[in-house]
Amino acid sequence: MRPRAEFVLLIVLLAAAQAALAAEVVTIAGTGVKAYEPENPVATKTPVGEPYGIAKGPDGCLYICEIANHVVRKLDESTGNLTLVAGNGMKGYSGDGGPATEAQLNEPYEVRFDKAGNIYFVEMQNNLVRKVDAKTGIISTVAGTGKQGFSGDGGPAIKATFNRPHSITLDHDGHLYICDIGNHRVRVVDLETGIVSTFGGTGERQSTPDGAPIADTPLNGPRALDFDGKHSLYLALREGNEVYRIDLKSKTLHHLAGTGKKGFSGNGGPAKHATLSGPKGIAIAPNGDVYLADTESHTIRVIRAATGVLDVVVGDGQRGDGPDGGPLKCRTARPHGVFVDKAGTVYIGDSENYRVRRLQ
C-alpha cells in the first residue's frame, strides 16, 4: 500500500492532468495585428497593441495594458466590448489632474487596484506610477518624476526617481510595491503618507540566498510581483530566472523555482530544479498555485502549491500564434501578462501576437 503522502501526490497529479485535457484556450481580444482603433468596441475585432499586464477589476472587467498604443482598456466579457480607461493613444506624459482618457501615457506595463477600486498602473518609459480615481476618472502621479534614476528614499514618492519600473502590486495595508528593475530593487510607497523606501534589493546583480532577509539582499532583475491576499508577495526575477516568496511577516525570501540558469527544462519535476527563461509575469491562483509568463520560452508555466512541481499549461516552448484550442498546442509569442481570477480562470497577455487569450 502506498504511503499517504505519495497517494495524495498521485491524486493531485492525476487531477491536474485531467484538468489540462479538459481545458482550452480562446482569444478574447485582439486580431493578431499591431494597430490602434479606439472606436471599435468589439474586442475580438479590435487590434490590441502589445498587451502586457492584465488584471480583473472590482467590476469584474479585465483591464489590459497596451504598450504599443500607450493606453489601458477594459474588456467586459459579458458583452465582448472593449472600452478606453486611460490614455489617448499618443505617447507622452501629460494630463495629470484631468480625465484619464485624455492623458498621454508612455508604455503602461501593469495594472492593479486598491480596496476602493482605484486603478494603479506603472509606465516603464516614464519611470513612474499613476492612479485613476474610481469615482472621478481623474488621473494623477503617485510615484516618480518622469525622469530615470535612483533617488528619493525616505521622502515623497512623487519626487523620487525610478529606473524602468516594470511591475506593481498592492497589499491590504495601503502599500504599493514597485519592481524598480533597472535599480535591481523592490521599492514600496506608503499610500497614506506618500513616502517611498527600498523594500528589498541592494542595486547589485547578485544571487539571492534562500531564507535571507528581504532588506539588504541582492535581487537580480526583480521583474514581476503579485500579492496572495494574505501575508506573502511572490517575486519573479527576470535576469535571475528564479521565483521567490516574500513572507511579509518575517520579511524573508523563500526560493520556489528556478536554478538561476536560463532555460526551458524540468517540466513535470521539482520547480526548484527547473530552468526558467526570463519570466516577466506572475499571478497567484486561489488555491495558491503560482502562474508564470515565462516570456522567452513562449509559455505559461505553473508551480503547483500542493507538490512544488513545475508544469507547462500553455505552449510548447516554441514561438507561434495559436491555434486556439488545446493549451499545449497553442503557441504564444513572448507573453508578458498573466492573471488568475477567483474562479481559477487564467488570462494571458500574448504580447507579440497582439492578442489576449483565456485558458478555461
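The values are calculated or read from the model by the stated rules, or taken from the named source; none is laboratory data. Remember, it's a predicted structure, so these values are computed and weren't measured experimentally. For neighbour counting, all protein chains shown are included, and Cβ atoms are generated from backbone atoms with ideal geometry for every residue, glycine included. For the accessible areas, the whole protein counts, side chains as well, though only heavy atoms, and no ligand, DNA or RNA atoms are used. Shrake-Rupley method; radii C 1.70, N 1.55, O 1.52, S 1.80 Å.
Of note:
- Taken over the range 94-125, the criterion of being open to solvent by 20 Å² or more (accessible area, probe 1.4 Å), in a strand (DSSP E or B) and farther than 22 Å from Gly174 by Cβ is satisfied by Ser94, Pro99, Gln104.
- For first residues located in the range 29-56 and at positive phi, partners that are of a type in the set (A, V, I, L, M) and assigned to a loop (DSSP other than H, G, I, E, B) and lie 6+ apart or on another chain with Cβ distances below 9 Å form the pairs Gly30/Val48; Glu50/Ile67; Glu50/Ala68.
- The lone criterion from (1) among the basic types (Lys, Arg); (2) assigned to a loop (DSSP other than H, G, I, E, B); (3) within 26 Å of Asp59 (Cα to Cα) left unmet by Arg130 is number (2).
- Residue check for Leu292: closer than 22 Å to Gln318 by Cβ, out of contact with any helix residue (DSSP H, G or I) (no Cβ under 9 Å at 6 or more places or on another chain) and open to solvent by less than 20 Å² (accessible area, probe 1.4 Å): yes
- Restricting attention to the range 167-209, the residues that are in a loop (DSSP other than H, G, I, E, B) and under 25 Å from Ala55 (Cα atoms) add up to 8.
- Evaluation of Thr145 against (1) farther than 16 Å from Gly95 by Cα; (2) among the hydroxyl-bearing types (Ser, Thr, Tyr); (3) in a loop (DSSP other than H, G, I, E, B) (one fails), failing number: (1)
- Odd one out for Val71, checked against (1) of a type outside the set (D, E, K, R); (2) open to solvent by less than 40 Å² (accessible area, probe 1.4 Å); (3) at pLDDT below 95: (3)
- Within the range 192-225, being under 22 Å from the mean Cα position of the chain (by Cα), free of Cβ contacts under 8 Å to residues at least 40 places away in the same chain and open to solvent by 10 Å² or more (accessible area, probe 1.4 Å) holds for Phe199, Arg205, Pro218, Asn220.
- Residue match in the range 227-238 (condition: more than 19 Å from Thr259 (Cα to Cα) and out of contact with any strand residue (DSSP E or B) (no Cβ under 9 Å at 6 or more places or on another chain)): yes
- Test for Gly154: is it in a loop (DSSP other than H, G, I, E, B), over 16 Å from the mean Cα position of the chain (by Cα), in contact (Cβ under 8 Å) with a residue 24 or more places away in the chain and over 21 Å from Gly337 (Cα atoms): yes
- Selected residue (criterion: nearest to Val188 (Cα to Cα)) from residues of the range 243-270 that are open to solvent by 60 Å² or more (accessible area, probe 1.4 Å) and not in a strand (DSSP E or B): Lys251
- Evaluation of Arg164 against the conditions (1) buried (at least 24 other Cβ atoms within 10 Å of the Cβ); (2) in a loop (DSSP other than H, G, I, E, B) shows that the sole unmet condition is (1).
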